[in-house]
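To start, the structure under review is shown below, and the notes come after it.
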Amino acid sequence: MNFSEFTNPEHWFGGFYELSIEFHPVGDNKRLNQALIALQNFKFFNGLWKERQDFQLNSITLPINIDDERVNPFYGTLILSDGNTLPCLISVIKIEGESDWLDISIPQATLEQFYPYKYPLTKELNTWLAKVDEILIRIAETIYNHSPFELAMIGEEISGYTNQEEFTLVDSGRITCILPIRLHKCLGIQEKGEELSKQLRLFR
């Protein structure tokens with residue numbers, strides 16, 4: 001991916017396919033910074049650029065001051081196992097009285113450029129989504145190993161779908177999600193799904 005491809009506004013138009021990670025209780029900027037450091041050090045990620053125009057320039061210096069009551073956006077790229085490099089938006093979201101969130105969002109306009117995209121964006125119609133999920137799952141697992149979270153969800157516009165307090169057994173069968181031991185034990189599904197590291201379980 002070159003500069004013109006990365007910065008082209010048409011490649012950022014429309015919705016996103018996302019990894020959304022919840023951190024609770026709120027206000028722990030150390031946990032958020034540890035998550036960003038884990039992402040920045042992930043082998044198949046490049047970036048944490050402040051602006052799209054900073055593509056392939058120096059990344060931001062971590063840790064950072066994270067402002068309350070706002071979305072803190074950054075940019076990067078992901079290298080998938082099929083060799084494709086995709087742009088992504090990284091958002092640190094803090095809202096008073098709610099959980100803190102780290103979202104990694106891939107523009108669907110870019111997915112249409114690289115893959116035989118069919119809507120609705122289901123895995124049955126878009127088998128290539130397995131490659132996208134693969135790297136997002138690995139990122140979530142890597143982040144958890146450095147900064148444990150309460151819930152991770154993967155999907156189209158998945159940010160804001162639910163949270164760890166409202167998450168149900170139905171949700172675990174409806175979306176792709178990664179649950180820490182506390183949550184999957186609470187739901188009584190610790191023997192279901194796929195086992196990851198650190199007693200995480202993947203449901204999809």
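The values are calculated or read from the model by the stated rules, or taken from the named source; none is laboratory data. Not measured: the values here are computed from a predicted model. In this analysis, Cβ positions are derived from the backbone assuming ideal geometry, glycine residues included, and neighbour counts consider all displayed protein chains.
Descriptive notes on the structure:
- Filter result for the condition that a residue is closer than 25 Å to Leu200 by Cβ, touching a helix residue (DSSP H, G or I) at 6+ places or on another chain (Cβ under 6 Å) and touching a residue at least 12 places away in the same chain (Cβ under 8 Å), over Ser91, Ser147, Ser105, Ser99: Ser147
The rows are residues; the columns are (1) modelled with pLDDT under 95; (2) basic (Lys, Arg); (3) touching a Pro at 6+ places or on another chain (Cβ under 7 Å).
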position	(1), (2), (3)
Leu136	no, no, no
Ile143	no, no, no
Ile158	no, no, no
Glu165	yes, no, no
Lys185	yes, yes, no
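- If you filter the stretch 67-78 down to residues that are at pLDDT below 95 and out of contact with any Asp or Glu (no Cβ under 8 Å at 6 or more places or on another chain), you find that the one that is surrounded by the most Cβ atoms within 10 Å (Cβ to Cβ) is Asn72.
- Extreme residue, farthest from Glu18 (Cα to Cα), among residues of the stretch 166-204 that are among the charged types (D, E, K, R) and touching a residue at least 40 places away in the same chain (Cβ under 8 Å): Lys198
- Those strands (runs of 3 or more DSSP E) of the stretch 92-204 in which at least 2 residues are over 14 Å from the mean Cα position of the chain (by Cα), considering only elements entirely within it, cover 201-203.
- All positions within the stretch 39-74 that are under 14 Å from the mean Cα position of the chain (by Cα), part of a strand (DSSP E or B) and free of Cβ contacts under 8 Å to residues at least 60 places away in the same chain: Leu48, Pro73, Phe74
- The set of residues in the stretch 1-46 being of a type in the set (Gly, Ala, Ser) and either modelled with pLDDT under 95 or surrounded by fewer than 17 Cβ atoms within 10 Å (Cβ to Cβ) (or both) consists of Ser4, Gly14, Gly15, Gly27.
- Ala130 more than 23 Å from Glu5 (Cβ to Cβ), in contact with a strand residue (DSSP E or B) (Cβ under 7 Å, 6 or more places away or on another chain) and not β-branched (Val, Ile, Thr): no
- Exclusive hit being surrounded by 14 or more Cβ atoms within 10 Å (Cβ to Cβ) and under 22 Å from Glu141 (Cβ atoms), set Ile64, Ile104, Ile60: Ile104
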